[in-house]
1. Given the options Ala135, Ala172, name the one that is crowded, with 21+ Cβ neighbours inside 10 Å and touching a Leu at 6+ places or on another chain (Cβ under 9 Å).
2. Please find, among Ala228, Ala191, the residue that is hydrophobic (A, V, I, L, M, F, W, C), buried (at least 18 other Cβ atoms within 10 Å of the Cβ) and more than 25 Å from Val295 (Cα to Cα).
3. Within segment 73-91, restricting attention to residues that are within 18 Å of Ala136 (Cα to Cα) and small (Gly, Ala, Ser), which residue is surrounded by the fewest Cβ atoms within 10 Å (Cβ to Cβ)?
4. Can you tell me which residue among Thr102, Thr110 is in contact with a helix residue (DSSP H, G or I) (Cβ under 7 Å, 6 or more places away or on another chain), assigned to a helix (DSSP H, G or I), among the hydroxyl-bearing types (Ser, Thr, Tyr) and in contact (Cβ under 8 Å) with a residue 60 or more places away in the chain?
5. Tell me, which residue of segment 281-308 that is assigned to a helix (DSSP H, G or I) and within 26 Å of Val145 (Cα to Cα) is farthest from the chain's Cα centre (by Cα)?
6. Out of (1) under 22 Å from Asp176 (Cβ atoms); (2) within 18 Å of the chain's Cα centre (by Cα), what's the single condition that is false for Val315?
7. Filtering segment 231-266 down to residues that are touching a Phe, Trp or Tyr at 6+ places or on another chain (Cβ under 8 Å) and of a type outside the set (A, V, I, L, M), which residue is surrounded by the fewest Cβ atoms within 10 Å (Cβ to Cβ)?
8. Is it the case, given these coordinates, that Arg58 is under 29 Å from Val283 (Cβ atoms), in contact with an Asp or Glu (Cβ under 7 Å, 6 or more places away or on another chain) and not aliphatic (A, V, I, L, M)?
Amino acid sequence: MFLKRRKKGEVRVLAGESIADYGFGNGHPFGQDRHEVFLRGLREHDLESRVWIEDPERPASRAELELFHTARHVSFIERMSVEGIGFLDDGDTPAFPGVYHTAANVVGATLQAGELLATGEAKRVFVPIAGLHHAARDKTSGFCVFNDIGVLIENLRKRHGIRRIAYVDIDAHHGDGVYYGFASDPDVIFADMHEDGRFLFPGTGARNETGIGPGEGAKLNIPLHPGADDEEFVEAWGEMEAFLEDARPEFFILVAGADSIAGDPLTHLQFSEDAHGAAARAVCRLADRYAQGRVLGLGGGGYNRRNVAAAWSRVVKEFADSV
């Protein structure tokens, strides 16, 4: 059972069956239970009465998906959605019947969140099953069928004229789909701390990846050694915050992957949820200064269920405390 709407306000959470269905079956790290784990976390932390919880309304259209993705990739997912067997990438992301529609629902939820922020209906929005940062313009990767972030960035520009957009990522994995999708774009301000790619998928995000051509200098990658804890987080975050302060974006996206917390089965960082709280608090402060308060939080990765509940609930709490 999903939580009912309690209170309309400046902080929204988009949660419901349409995005809960995004997952890859029993035994897969990205299971469908992650959504309910998040909702239980909201209850346990007494947050359900402090935010406005609503169902995502619609899937992304094919035209919206193709704002970022190639037509060939979208057609491939459509075909595999009918066949419902095999893999959508090199073996991490299984196909299943209806995967196209389910993945389009995630993109639709992120687009809806973007609309709420761009139109001023909300100051902060959180979408738990979203932040699929590995999908490239032309392929699926790492549990990510479509890249909802890439579609959102293109849509914010097309529909709302928002140009300078900050992508802030504390997920343990490098946001390679976003980085390479906008590597030459000087107005996508990319700030990503992650486990060093020499030790973890996708193997990218080195210090010297600072953008390409006109995008050079608009990207900051901070690879951290396996075992890095909150002390290393604080140091890296100080650098990221200074970088974001200098950039003065008009809109903030925070990918709050819980797989950077100690105990994740796929990664090796040792943060606590205090890192997620600090990042969310700082991004809200920057957004109030430069971006009319607009912050979109996305769940991203996280495969230890206790960590998922703790990290994402902490982000929502910071959102609620900041308005």
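The numbers here are math on the coordinates, done by the rules we state, and not lab data. Note that this is a predicted model, so its numbers are computed, not measured. We place every Cβ from the backbone using ideal geometry, glycine too, and count neighbours over all the protein chains shown.
1. Going through Ala135, Ala172 in turn, just one is crowded, with 21+ Cβ neighbours inside 10 Å and touching a Leu at 6+ places or on another chain (Cβ under 9 Å): Ala172.
2. Numbers: Ala191 fails: more than 25 Å from Val295 (Cα to Cα).
None of the others qualify; the one that does is Ala228.
3. Among those residues, the one meeting the criterion is Gly91.
4. Working: Thr102 fails: in contact with a helix residue (DSSP H, G or I) (Cβ under 7 Å, 6 or more places away or on another chain).
Result of the check over Thr102, Thr110: Thr110.
5. Restricting to residues being assigned to a helix (DSSP H, G or I) and within 26 Å of Val145 (Cα to Cα), the top hit is Arg306.
6. Exception for Val315: condition (1).
7. Step by step, filter segment 231-266, then rank; the result is Pro265.
8. no
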